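See structure below.
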Amino acid sequence: MAIRTRISPNLWFDFNAKEAVDFYVSIFPDSKVLRTSHYLKDSPGPEGEIMTIEFQLDGLVFTAINGGPQFKFNESVSFLVECKDQAEVDSYWTALLAGGGEPGVCGWLKDRFGLSWQVNWTPLIDMLLDTDQEKAGRAMQAMLKMSKLDAAVLQKAYDGK
């Protein structure tokens, strides 16, 4: 079931929205294309070409627009993918990097379209927010040394082992 919210992400692509949407829909469960619109005669894009694609990722509705080269993604906006275990971290990390993505630090990466993602091991948030500053600090220091998050290493650091 698609989750329609009052506010939803609208992503600007350089006329490769269909390729991007197909890529994202192939990665996340409960994902599909919902609607597609096309540029009309005398519109700002090439007549007949895809203008927007409404799609859902893991149930959340997004819109992709084929707007052209004027705007690029940057790290100031990213999507957080919560993962219950290392297998999910590994799976999403590998899938989102496929085809030319770039790994970053602390669980961040850019996919081949330049969109930033945070592939997070869910327990890490509680570790970093722990009121025990020593434990939280150890988890933070371990995370800062990583590209893809390693749940076992993070847990050991948090536990002081």
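Quick notes on this one:
- Of the trypsin sites (Lys or Arg not before Pro) found in the range 1-44, those that fall in a DSSP loop while having at most 15 other beta-carbon atoms within 10 Å are Arg4, Arg6, Lys41.
- The GNM of the chain, with springs linking C-alpha atoms under 10 angstrom apart, assigns the highest mean-square fluctuation among Val89, Val25, Val77 to Val77.
- Pairs with C-alpha atoms separated by more than 26 Å, drawn from the list Lys32/Lys110; Lys72/Lys148; Lys32/Lys145, are Lys32/Lys145.
- Among Asp22, Asp126, Asp111, the largest mean-square fluctuation in a Gaussian network model of the chain, built with springs joining Cα atoms closer than 10 Å, belongs to Asp126.
- Distance between modelled label sites at His38 and Leu80, nm, 7 Å Cα→Cβ extension: 4.1 nm
- If you run the Gaussian network model on the chain, springs between alpha carbon atoms under 10 Å, then out of Tyr24, Tyr39, Tyr92 the most flexible one is Tyr39.
- Inter-probe distance in nm under a simple model that places probes 7 Å from Cα toward Cβ, at Gln155 and Arg6: 4.0 nm
- Selection of GluC sites (Glu not before Pro), the range 17-67, meeting DSSP coil and at most 14 other Cβ within 10 Å: Glu47, Glu49
Only the coordinates and a few stated rules stand behind these numbers; no lab work does. Treat the numbers as computed from the prediction; the structure is a model and nothing was measured. We place every Cβ from the backbone using ideal geometry, glycine too, and count neighbours over all the protein chains shown.
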